[in-house]
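What follows is one structure encoded as structure tokens, with my remarks underneath.
The values are calculated or read from the model by the stated rules, or taken from the named source; none is laboratory data. Being a predicted model, the structure only gives us computed values, none of them experimental. Cβ placement follows ideal geometry from the backbone for every residue including glycine, while neighbour counts extend to all protein chains displayed. In case anyone asks, the SASA skips ligands and DNA or RNA and just uses the protein heavy atoms, side chains included. Shrake-Rupley method; radii C 1.70, N 1.55, O 1.52, S 1.80 Å.
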Amino acid sequence: MSKDYSKYFTPSLNQARKRRGEKVEIIRFRLDEKYRAVGEDKKYHLKTFGCQGNLADSERISGILEAMGFSETLNEKEADLILFNTCAIRENAENRVFGELGRIQQYKKEKPELVIGVCGCMPQEEITVNALKKRFPNIDLIFGTHNIIDLPAYIFDIFVRHQAVVDVWSIEGNIAEEIPIKREHAKKAWVNIMYGCDEFCTYCIVPYTRGKERSRFPEEIIKEVKSLAEEGYLEVTLLGQNVNAYGKDLEGRNYGFADLLKDLNKLPIPRIRFTTSHPRDFDDATIEAMALGGNIMPHLHLPVQSGNDRVLKKMNRKYTRDEYITKMKKLKEAVPGISITTDFIVAFPSETEEEFGDTLTLVHEIQFDGAFTFIFSPRAGTPAATYPNTLTAAEKKDRLHRLNQVVNQYSLLGNKRFEGAIVEVLVEGFSKNKPDVLTGYTPHNKLVNFVGDESLIGTIVKVKIEKAFSWHLRGVLV
Ligand code: SAH
Ligand code: SF4
Ligand code: F3S
């Protein structure tokens, strides 16, 4: 029997925000025989928006579809299934998806049997899922972040039973293991170490769209990294919305993020990165683990959001400016030359000009190697969406612009310290604009361009840096 989707489930933000202590179940993926050939001779086109978490999910969605016989196409016109894995973090992220859905309507007109699907974080919001259904009633498939594991059944119901599927769960979340993964990159891999977020920063939708914080078992993670190393991968990035909370939910284990780093430090994988850290939970033990060096890369992305204590409190970030500065001082002492990047939100409701000034002085004080900067975007259902915000659009843009100017000044400075140095670069491929120029990243996560040939792609090479720019370094192979 297939599911009766009329009873299933549209999401509820109210349900999604609850943390009721539901037991986390570990579900092991198995593909039922009857689903294996559903995608034979069919092509899918998958487009991903949002964070690395979504990129990692998309690699699983591709893995499942290919196990069902589908093949991938980059050409939307020849696709039998177009699927958007979406992000809800800011209004413009959602607008892009609405725009894309509008744009592909023409293909559906030309080919009515084309299946259009939307998954990821947008469907987890009730307002958005309703808006999606209203504006694009011909969407055939909507599912959320908690039920990728059921994709084979959805695809079967659509392609074999010709039934539209809307199925989004507002649950605390389970952990799915053993889903096949089609990795995008031949040498760099994402490794989820945990899912969800329990921080509830007042502006943020993620705790609602991704469920509660839940950690994978260390042995599953270590096994995955070991096998990646055996397959010749050179870099893994450990993923979680707040990796420093890793392990807190693993009862009776007393095993945290620093323990994981220490264990992974012993494995023969050349590079380990992680994202994202949270300043409150970023602790001495993690600093100690980072100081081991070796395969733990000297780069930390630690979003600070604001340099002002009142604003940080309103954001529910649970640390002060001084605490952040103290931790970064310690880190810089323990890992000399480490590069530190961050995220900022400007024009948070009621942020005054003076309070914004504290954000600028924090950039001068920490001298970040780079920062992602955003204008606050109200997300329906989050507390901050109801806070009065009297700033005009021009004032918001002006703050963003002034912050970017200061941030860019330090990005250049952060790059300049590598002029004349010899650095190791993991070569990604040719630069988009210049066909003979290779591009890749250093341990400090700096982008380097240099002249070289194709055989170097996917290897780690030594490059001497000749000149620093704001966004990249230029060097020569040594
Ligand atoms: N879990 C990570 C990343 C969250 S999303 C963390 O805690 O840092 C990435 C960034 O998007 C955040 O760091 C924040 O700067 C920004 N962001 C999140 N919600 C936002 C909102 N409503 N408006 C503007 N920026 C937002
Ligand atoms: Fe959002 Fe805060 Fe969680 Fe990051 S830590 S995902 S900003 S709620
Ligand atoms: Fe976006 Fe969801 Fe990631 S809202 S930032 S895709 S967790």
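Neighbours of Ser58, meaning other residues whose beta-carbon lies under 13 angstrom from its beta-carbon, give a summed charge of -1 when Lys and Arg score +1 and Asp and Glu score -1. One decimal place: the segment Glu177-Glu25 gains 53.7 nm when fully extended, by the rule 0.36 nm per residue minus the C-alpha distance. Residue by residue, segment 323-339 carries 3J(HN,Hα) couplings of 4, 4, 4, 4, 5, 5, 4, 4, 5, 5, 6, 6, 10, x, x, 4, 9 Hz when phi is fed to the Karplus relation 6.51 cos²θ - 1.76 cosθ + 1.60 (θ = phi - 60°); x denotes Gly or Pro. Put simply, the amide H of Ala371, placed in the peptide plane, has neighbours under 5 Å in Thr342, leaving out anything fewer than 5 places away on its chain. Relative to the longest principal axis of the Cα atoms of the chain, helix 353-366 runs at roughly 70 degrees. The translational diffusion coefficient of the chain, from Stokes-Einstein at 25 °C and 0.890 mPa s with a Kirkwood hydrodynamic radius over alpha carbon pairs, comes to 103 µm²/s. Comparing Cα centroids, segment 96-120 and segment 388-467 end up 35 angstrom apart.
Can you give the longest stretch of the chain with no exposed loop site, where a site means trypsin sites (Lys or Arg not before Pro) in a DSSP loop (not H, G, I, E or B) with at most 11 other C-beta atoms within 10 Å? Can you show the working numbers first?
Details: sites that count: Lys7, Arg20, Lys23, Arg30, Arg161, Lys266, Lys432.
The longest uninterrupted stretch comes out as 267-431.
Placing pseudo-labels 7 Å out from each Cα toward the beta carbon at Phe372 and Leu292 gives an inter-label distance of 2.7 nm. Calculated accessible area for segment 13-167 comes out at 45 Å² per residue, all protein chains present (probe 1.4 Å; ligands, DNA, RNA ignored).
Might you tell me the accessible area per residue for segment 180-415, computed with a 1.4 Å probe and given in Å²?
On the way: 9430 Å² over 236 residues.
On a per-residue basis, 40 Å².
In loop segments of segment 150-211 as defined by DSSP, the GluC sites (Glu not before Pro) with at most 14 further C-beta atoms inside 10 Å of their C-beta are Glu178, Glu184. When the solvent-accessible area of the chain is split by element, carbon and sulfur atoms take up 52 percent of it, the probe being 1.4 Å. When cysteine pairs in the chain are screened for C-beta atoms closer than 4.7 angstrom, the residues that find no partner are Cys51, Cys87, Cys119, Cys121, Cys197. Relative intensity of segment 422-477 on a log10 scale, I(q)/I(0) at q = 0.14, 0.15, 0.21 Å⁻¹, equals -0.28, -0.32, -0.64, per a Debye sum over C-alpha point scatterers of equal strength in the absence of solvent.
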